[in-house]
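Visitor: Dumping the structure here so I can ask a few things about it.
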Amino acid sequence: MSTKKPAPPPKSELAGTDTADRANTNAKLQSLERFRSDATGQALRTNQGVKIADNQNTLKVGARGPSLLEDFIMREKITHFDHERIPERIVHARGTGAHGYFQSYADHSALTKAGFLTDPQKKTPVFVRFSTVQGPRGSGDTVRDVRGFAVKFFTDEGNFDLVGNNMPVFFIQDAIKFPDFVHAVKPEPHNEIPTGGSAHDTFWDFVSLQPESAHMVIWAMSDRAIPKSLRTMQGFGVHSFRLINAEGRSSFVKFHWRPAAGTCSLVWDEAQKLAGKDTDYHRRDLWEAIECGDYPEWEFGVQIIAEEDEHTFDFDILDPTKLIPEELVPITPLGKMVLNRNPDNFFAETEQVAFCPGHIVPGIDFSNDPLLQGRLFSYTDTQISRLGGPNFHELPINRPVAPFHNGQRDAMHRTTIDKGRASYEPNSIDGGWPKETPAAARDGGFESYPERIDAHKIRQRSESFSDHFSQARLFFRSMSKHEQEHIIAAYSFELGKVEREFIRARQVNEILANIDLELARRVAHNLGLPAPTQGTQVERKTKPERSPALSQVNLLSGDIKTRKVAILAANGVDGAAISALKKALEAAGAHAKLLGPTSAPVTTADGKVLAVDGSMEGLPSVAFDAVFVPGGAKSVQALSTDGVALHYLLEAYKHLKAIALAGEAKQLLQVLHLEADAGLIVGADAKALKAFFAAIAQHRVWAREAKAKGIPA
Ligand code: HDD
């Protein structure tokens, strides 16, 4: 029996053993690896601190013998591994996070006493988690779904969590319906299909029976449900909240996040393809933007409704299926949020972060919105099973920067070693500490707004919550022509996947016909159903009839900052055209990637060797905002007989992206049977580049889509 240990694995170039080697290794790694391990230069040890000599072989009886239970090193490692997953979130399981800061523009103390909104010098750290709702942790980023937009403000007065979405309303009015809604939208229980989407019977069964969902469902069928990136989404607190100033005056507010990069979306075919070609599309984009210094930014603002104006609207401001049109109450900007640091560890930060709408600070208070009231219970409760006990506030990502002292002790996962004997209040053993802080004091304790309520204890929905269609109609009628077409197509696509015809018909006749008859007729036509001739309810007249602030056409940034352009090249390419484009893009804050037929370098017409960023197959057009083809007779000749390159351009064209064909690349028009348009530009002179950049800033060439479908733009 041989006791000889097999040869150790080859040492990597960087692995060192003696101290000098280690220092050298550290220096090399530091320069190479930003996300390097804290263990760099350290010995491999067990969790009990014992150095490990062999991490390759279980302790066995002989080289071929059975393994020994005695092997505490193997058992510790496998036991830990066996428990490495925690339950994923019931909803919003797939998410991605980033660190940053919030800074107030001014002292807003007339509105609120919350410190982070009254000191413009103060940078309050934040952690943001964006998410989809329906799919599991490993599902695609670009599915049609609502996006979560949850922000944890680590203020000096405690944590404030604003747990919102990228849509300003919600599917239901009362929290008691949330489990029903979630059961309906989740993959169906018998076969766990579909992953990540709502195009299935149980979802449409529920929403067609629950008219209060009509408004949110039309948002979910709009382009808002397929955002281009997390950086181009608006965020909304959804509910009405209260802000309270030092005098105790309360104002109702709706919270808003407006992205500096503008608000825009993918097109549906692109979203579907991306879900396969790059499941991580949104998280990768956010990650890369932060890594390269394109820090995403949002303006934080509020719509303010004075206490006495609570009842002046033709809807109830406590009803979470209603938004307040910006034309009625404009947004007052309060400050900005910048995301400038990626997490070090996905699990420890993004997965373990625990949000709760009940985490508020003095100066902010809840409204009586019955959906919000239920949420105040649900989030802490869910963390207790997801994070395994009541001490999740001690996890580093959840810990407030403000100190916390109270009599709460013990329980699972307690990491604080509490000292002292008095864990109750009042006490006289420890001088009475920790003590209450009167609300009236400077930096006073939290006090709820003393709202007067005089009513019966009942289970009842307020009559003021009963109009389910006016705002869905307002949304549809505020859309541009192409946005309306996308909504019609989305309803048709989703309902087309519903197997039961009576569910399709119910959605068309009892929901869509009450929103907009033309919408209902178009969808009915696409489903082969009889067109409804009237709704089941009388249309209410509400103001305004249109809200331009809801259309993404009006929400673009107007520039091309951070946009990504693919440059297609083969051997013989015009190198000067590439340099000129890159320079111009850089000046405009945009980026380019050079793509070749393979990942091998290409040689320019004047003999220079250019490294490429990837192959056209590896970085498909769906991952870019625009495509540029430089001249160079040989390069263009090669591309015009390369199926991948031709498909690249046709796909970008189909997805309505800006394309520029410079020099000899003009010939590709004939090869592809395309005509130049406002976004398909021929030439590379200053005028052509200007037109190309202008088309990128417009985000998509909508006229092209209208032309293809024969509809007026
Ligand atoms: Fe919720 C997670 C947003 C209604 C119960 N919700 C969750 C997250 C977001 C929202 C962004 C993910 C947070 C994160 O990134 O960890 N939820 C909303 C919005 C709602 C809403 C904007 C309506 C306006 N939610 C809502 C209701 C209930 C819940 C009515 C229950 C009564 N939500 C939960 C939850 C989750 C959650 C089950 C799952 C994981 C978690 O909380 O931490 O408790």
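Computed from the coordinates by the stated procedures, all read-outs in this text should not be read as laboratory data. Bear in mind that the values here come from a model prediction, so they are computed numbers and not experimental data. Backbone-built Cβ (ideal geometry, glycine too); neighbour counts: all protein chains shown.
Visitor: In terms of the Cα gyration tensor, with a ≥ b ≥ c the square roots of its eigenvalues, is the range 200-260 rounded because a/c is under 1.5, prolate because a/b exceeds b/c, or oblate?
Guide: Oblate is the answer for the range 200-260, as a/c is 1.5 or above yet b/c matches or exceeds a/b.
Visitor: Using Cα pairs closer than 8 Å and at least 6 residues apart in sequence, work out the relative contact order for the chain, in percent.
Guide: Details: 1346 pairs, mean separation 77.0, N = 713.
The normalised contact order for the chain reaches 11 percent.
Visitor: On alpha carbon coordinates alone, what is the Rg over Rh value for the chain, Rh being the Kirkwood radius?
Guide: Values: Rg = 29.1 Å, Rh = 28.9 Å.
So for the chain, dividing Rg by the Kirkwood Rh gives 1.01.
Visitor: Mind checking the range 83-176 for GluC sites (Glu not before Pro) that DSSP puts in a loop (not H, G, I, E or B) and that have at most 13 other Cβ atoms within 10 Å?
Guide: Those that pass, being in a loop and sparsely packed, are 84.
Visitor: Could you work out the per residue convex hull volume over the alpha carbons of the range 54-178, in cubic angstrom?
Guide: Residue-normalised Cα hull volume stands at 234 Å³.
Visitor: With contacts defined as alpha carbon pairs under 8 Å and 6 or more residues apart, what's the relative contact order of the range 564-708 in percent?
Guide: 22
Visitor: Could you grab the relative contact order for the range 487-587? Cα pairs under 8 Å, six or more apart, rounded to a whole percent. The partial results should precede the final answer.
Guide: Numbers: 57 pairs, mean separation 18.3, N = 101.
Computed value for the range 487-587: 18 percent relative contact order.
Visitor: Let me ask something additional. Starting from the Cα of residue 385, move 7 Å in the Cα-to-Cβ direction to define the label point; list residues of the range 122-141 whose amide nitrogen is under 20 Å from there.
Guide: Under 20 Å, as judged by backbone N against the label point of residue 385, lie 133-138 of the range 122-141.
Visitor: At q = 0.14, 0.16, 0.18, 0.21 Å⁻¹, what base-10 log of I(q)/I(0) does the Debye formula yield for the range 142-282 when every alpha carbon is treated as an equal point scatterer in vacuo?
Guide: -0.79, -0.98, -1.17, -1.39
Visitor: For the range 369-457, place one equal point scatterer on every Cα, skip the solvent, and apply the Debye formula. What is log10 of I(q)/I(0) at q = 0.12, 0.26 Å⁻¹?
Guide: Cα-only, vacuum Debye calculation for the range 369-457: -0.61, -1.28.
Visitor: Counting other C-beta atoms within 10 Å, and keeping those with at most 12, which DSSP coil GluC sites (Glu not before Pro) do you find in the range 606-695?
Guide: Counting only loop positions with at most 12 other Cβ atoms within 10 Å, the GluC sites (Glu not before Pro) in the range 606-695 are 675.
Visitor: Let me ask another. Rg and Dmax of the range 446-527 over Cα atoms: what are they, in angstrom?
Guide: 18.7, 57
Visitor: What stretch of the chain, leaving out the sites themselves, is the longest with no chymotrypsin sites (Phe, Trp or Tyr not before Pro) in a DSSP loop having at most 12 other Cβ atoms within 10 Å?
Guide: Working: sites that count: 35, 424.
The longest such stretch corresponds to 36-423.
Visitor: Hey, got the dipole for the range 564-708? About the Cα centre, +1 on K and R Cβ, -1 on D and E Cβ, debye to the nearest 20?
Guide: Computed about the Cα centre, the dipole is about 280 debye.
Visitor: Another question, then. Using a/c under 1.5 as the rounded threshold, could you call the range 596-677 rounded, prolate or oblate? The axes a ≥ b ≥ c are square roots of the C-alpha gyration tensor eigenvalues, and prolate needs a/b larger than b/c, oblate otherwise.
Guide: Oblate.
Visitor: Mind putting together the pair-distance distribution for the range 121-220? All Cα pairs, 5 Å bins, whole percent per bin, short to long.
Guide: P(r) for the range 121-220, in whole percents per bin: 2, 12, 18, 21, 17, 11, 7, 6, 3, 1, 0, 0.
Visitor: Follow-up question, since we're still on this one. Using DSSP to define loop residues, name the trypsin sites (Lys or Arg not before Pro) in the range 425-477 whose beta-carbon has at most 16 other beta-carbon atoms within 10 Å. List each step's numbers first, then the result.
Guide: Working: sites: 435, 442, 452, 457, 459, 461, 473, 477; in loops: 435, 442, 452, 457, 459, 461.
When the trypsin sites (Lys or Arg not before Pro) of the range 425-477 are filtered for loop state and at most 16 Cβ neighbours within 10 Å, 435, 442, 452, 457, 459, 461 remain.
Visitor: Answer with one residue from 660, 587, 632: the one whose Cα lies farthest towards the positive end of the charge dipole of the range 564-708, charges on Cβ with Lys, Arg +1 and Asp, Glu -1.
Guide: Farthest towards the positive pole: 587.
Visitor: Suppose every K and R has +1 on its Cβ and every D and E has -1 on its Cβ; what is the size of the dipole of the chain about the Cα centre, in Debye to the nearest 20?
Guide: I would put it at about 1500 debye.
Visitor: How big is D for the range 253-390, in µm² s⁻¹ as a whole number, if Stokes-Einstein is applied with the Kirkwood radius of its Cα pairs at 37 °C and 0.692 mPa s?
Guide: 176
Visitor: Still on this structure, I have one more. Once Rh for the range 564-708 is found with the Kirkwood sum over Cα pairs, what is the Stokes-Einstein diffusion coefficient at 20 °C and 1.002 mPa s, in µm²/s?
Guide: Estimated diffusion coefficient is 146 µm²/s.
Visitor: Starting from the Kirkwood radius over alpha-carbon pairs of the range 413-492, derive D by Stokes-Einstein at 25 °C in a medium of 0.890 mPa s and give it in µm² s⁻¹.
Guide: Translational diffusion coefficient: 122 µm²/s.
Visitor: How long is the range 82-146 along each principal axis, judged by its Cα atoms, biggest number first, in Å?
Guide: Principal-axis extents of the range 82-146 (Cα, largest first): 49, 32, 17 Å.
Visitor: Of the DSSP beta bridges with both residues in the range 564-708, give the percent that are antiparallel, rounding to the nearest 5.
Guide: On the way: 3 of 21 bridges.
Looking only at bridges with both residues in the range 564-708, the antiparallel portion is about 15 percent.
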